[in-house]
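Structure first, then comments.
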């Protein structure tokens, strides 16, 4: 399976952010975990931002790998399109793009980070790849 630079960078950063994941995993229930939006993003440290992106990259990579032998139809799973749209991106470039977008759009801090990644980075990457 081909891994793009974003996923490879995220995997390398995992060891540096293990503590953040351990703390996150200690939360009592998924319902208690807030949706990460721009308000949380801009207040977060560089390490926490990396931890979020590493978690996202690992989730995408896991689903793509899990379905590798029996891929879901493209419209049934977001992960393969997400990975394809982020091809050529690195952990640092995604973090920088998010920082710039939220800085340029202070009135949209309520927008979830995952939505911003999709519409501002992954979707344009998919369109450019066609």
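The values are calculated or read from the model by the stated rules, or taken from the named source; none is laboratory data. Computed from a prediction, not measured in an experiment: that's the story for all the values here. With ideal geometry, Cβ positions are generated from the backbone for all residues, glycine too; neighbour counts draw on all protein chains shown.
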Matching residues, segment 44-76, being under 23 Å from residue 34 (Cα atoms) and more than 12 Å from the chain's Cα centre (by Cα): 44, 45, 46, 47, 48, 62, 63
Name the residues in segment 63-77 that are in contact (Cβ under 8 Å) with a residue 60 or more places away in the chain and touching a helix residue (DSSP H, G or I) at 6+ places or on another chain (Cβ under 9 Å), would you? 64
Restricted to segment 80-121, and to residues that are in a loop (DSSP other than H, G, I, E, B) and more than 13 Å from the chain's Cα centre (by Cα), which residue is nearest to residue 46 (Cα to Cα)? 109
Quick test of your reading of the structure: residue 84 fulfils all but one of (1) surrounded by 12 or more Cβ atoms within 10 Å (Cβ to Cβ); (2) modelled with pLDDT of 95 or more. Name the failing condition by number. (2)
Would you mind stating whether residue 64 is out of contact with any strand residue (DSSP E or B) (no Cβ under 8 Å at 6 or more places or on another chain) and at pLDDT below 95? yes
Set 104, 128: member being out of contact with any helix residue (DSSP H, G or I) (no Cβ under 7 Å at 6 or more places or on another chain) and at pLDDT 90 or above: 104
